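Asker: Please see the structure below; I have some questions.
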Amino acid sequence: DGAAWHQSYLADEFNNLSIITLPPYSPELNPIEQVWQWLRQNELANRCFESYEDIVEQCCRAWNRFISDNKRVANLCMRDWIDVGN
């Protein structure tokens with residue numbers, strides 16, 4: 001996205017880190033956007049919350065449900081076209 005803290009020179013001092021640049025606005029390419037979409041569609045959308053504490057509790061429950069399935073996490077966050085040298 002061109003942010004100063006996302007520059008390729010930052011990876012120079014690490015053997016196991018690669019910077020993969022994305023276009024400035026590309027939510028379909030950003031794995032975290034897929035995570036947010038899953039959370040909204042499957043856990044958090046169209047709901048009324050009773051309080052701030054209820055929001056936090058339901059978000060924690062949704063997150064824990066999301067991460068409980070390793071295959072789901074891998075499928076949503078992995079991109080076949082990214083070759084990071086595995």
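Asker: Assign unit charges at the C-beta atoms only (+1 for Lys and Arg, -1 for Asp and Glu), then state the dipole size of segment 26-77 relative to its Cα centre in Debye, rounded to the nearest 20.
Answerer: On the way: 6 positive and 8 negative charges, 51 e Å.
Dipole size: approximately 240 debye.
Asker: Which one, Gln41, Ser68, Gln58, is farthest towards the positive end of the dipole of segment 26-77 when Lys and Arg carry +1 and Asp and Glu -1 on their Cβ?
Answerer: Towards the positive end, the residue furthest out is Ser68.
Asker: Also: Can you tell me the relative contact order of segment 26-77? Whole percent, Cα pairs under 8 Å, sequence separation 6 or more. Write down the numbers at each step before the final one.
Answerer: Numbers: 21 pairs, mean separation 24.7, N = 52.
RCO, segment 26-77: 48 percent.
Coordinate-derived values only; no laboratory data. Model, not experiment: these values are computed from the prediction. Every residue, glycine as well, gets a Cβ built from its backbone with ideal geometry; the counts of neighbours run over all protein chains shown.
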